[in-house]
Amino acid sequence: MTDSNSGSEKVPSRQRRRFPGISSRAYEHPADRSALVALRKLSGFDTVFKALSGLLPERSLRLLFLSDSVRVSDAQFAHLNDMLRDACYILDLEKVPPMYVTQDPKPNAMCIGLDEPIIVVTTGLVELLDEEEMRAVIGHEVGHALSGHAVYRTILLFLTNLALKVAWIPLGNVAIMAIVTALREWFRKSELSADRAGLLVGQDLQASMRGLMKIAGGNHLHEMNVDAFLEQAEEYEAGGDLRDSVLKILNLLPRSHPFTTVRAAELKKWAESRDYQRILDGHYPRRAEDKDTSVTDSFRESAAHYAGSVRTSKDPLMKLVGDIAGGAGDLGGRLRDKFTGAGGSDSQGGSRPADEEGGKG
């Protein structure tokens, strides 16, 4: 990196657009905002949030990483430190959060903390990704910091651990798991927002795609293909019947992150949108305007996003939801046919499973 004219400000190591005063609203996925609103309305969440905000050992968390991880600086992992400062410069995050590298072969990164965010990356991730891929990941975590996601992520980690400890108490785990499930739902959506922030920082879609592909398939880039990887997302969304749709939901519930192919497809879709281009052109909401933002407008935007998702989704369950919303008739028959996979038509124009026409045997 080079110094600016003032000699005190760091600028990115290659020419990238910068977004002075950018609000996190510019890149936040509508589903992220909707899930966060739903989370805050969850019964008991306010009580838990206020209690944990005062009880969680913030200082202990920082001491843990100081004592058992390597803090990124000009003297340690200097190339990561440059990327971190670049990311904060591009997204105009005034205070650079501390970042640590921790020994763990599993590729992962997180942004946690209550008073101030801390970024943690694993050795597995550092060894897996090249410079531009890593730049997108660090931008992703800085996006979490700018959006204020660190607090909720920290509470999720704490409650997940607590749920395991109180699982033996009758009904003691039910309330906690309800909040953990809601937090996971929000966090999966927040990852889509942070992926967008990573793209704004790296400004290299192919690097973002490669990074996600490597997280899914390891360091065998010569054996993988971005287009084929995106085709998997298409097949995952459109494949199967309603039973598969239900299984997709059940598979997703325990996860903190969305499936990697889905993240890649979502990011590519946004990168090709007018919204992304407008940000690059300098037209984006500013933090100074956040206090004047209408909650009603946010709800309306989120509702429009979900309506559009249902309308254009190729998932069998979402198609059925769209049909129902559109007033499709014979819902019982449609549900039956979707679940059984029957497609035959009777003389009345409806569908009947084959084994109902002549009985079994």
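Where a number appears in this text, it was derived from the coordinates with a stated rule and is not lab data. Bear in mind the structure is a predicted one, so any value in this text is a computation, not a measurement. Cβ coordinates were reconstructed from backbone atoms using ideal geometry, including for glycine residues, and neighbour counts include every protein chain displayed.
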- [ ] Report the calculated FRET efficiency for Val126 and Arg17 (r = Cβ-Cβ distance, R0 = 25 Å), to the nearest 0.05.
- [x] 0.45
TODO: Go through region 199-210 residue by residue and turn each phi into a ³J(HN,Hα) via Karplus (6.51, -1.76, 1.60, θ = phi - 60°); whole Hz please, and just put x for glycine and proline.
DONE: 5, 5, 6, x, 6, 8, 4, 4, 5, 4, 5, 4
- [ ] Calculate, for Leu280 and Asn219, the FRET efficiency according to 1/(1 + (r/R0)^6) with r their C-beta to C-beta distance and R0 35 Å; round to the nearest 0.05.
- [x] 0.70
- [ ] Return the distance in nm (one decimal) between the two label points of a simple spin-label model at Lys95 and Met177, each offset 7 Å from Cα along Cα→Cβ.
- [x] 3.8
Task: Estimated vicinal HN-Hα couplings, Hz - region 226-235 in sequence order (Karplus 6.51, -1.76, 1.60; Gly, Pro = x) - done: 4, 4, 5, 5, 5, 5, 4, 4, 4, 5
Open item on the list: 5 Å is the cut-off here: which amide hydrogens, built 1.01 Å from N in the peptide plane, fall below it relative to Tyr100, excluding neighbours closer than 5 in sequence?
Closed with: Val72, Ile119, Val120, Val121
- [ ] Name the long-range amide H neighbours of Arg286: under 5 Å, sequence gap of 5 or more, or other chain; modelled H, no Pro or chain starts.
- [x] Ser23
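Tally Lys and Arg at +1 and Asp and Glu at -1 over the other residues with C-beta under 13 Å from the C-beta of Ala145: what net charge comes out? Could the numbers behind the result be given before it?
Working: positive: Lys95, Arg153; negative: Asp92, Glu94, Asp115, Glu116, Glu141.
Summing Lys/Arg as +1 and Asp/Glu as -1 gives -3.
So if R0 is 25 Å, what FRET efficiency would Ala78 and Leu230 give, r being the distance between their Cβ atoms, rounded to the nearest 0.05? Please list the in-between numbers first.
Numbers: r = 34 Å, r/R0 = 1.38.
FRET efficiency, Ala78 to Leu230: 0.15.
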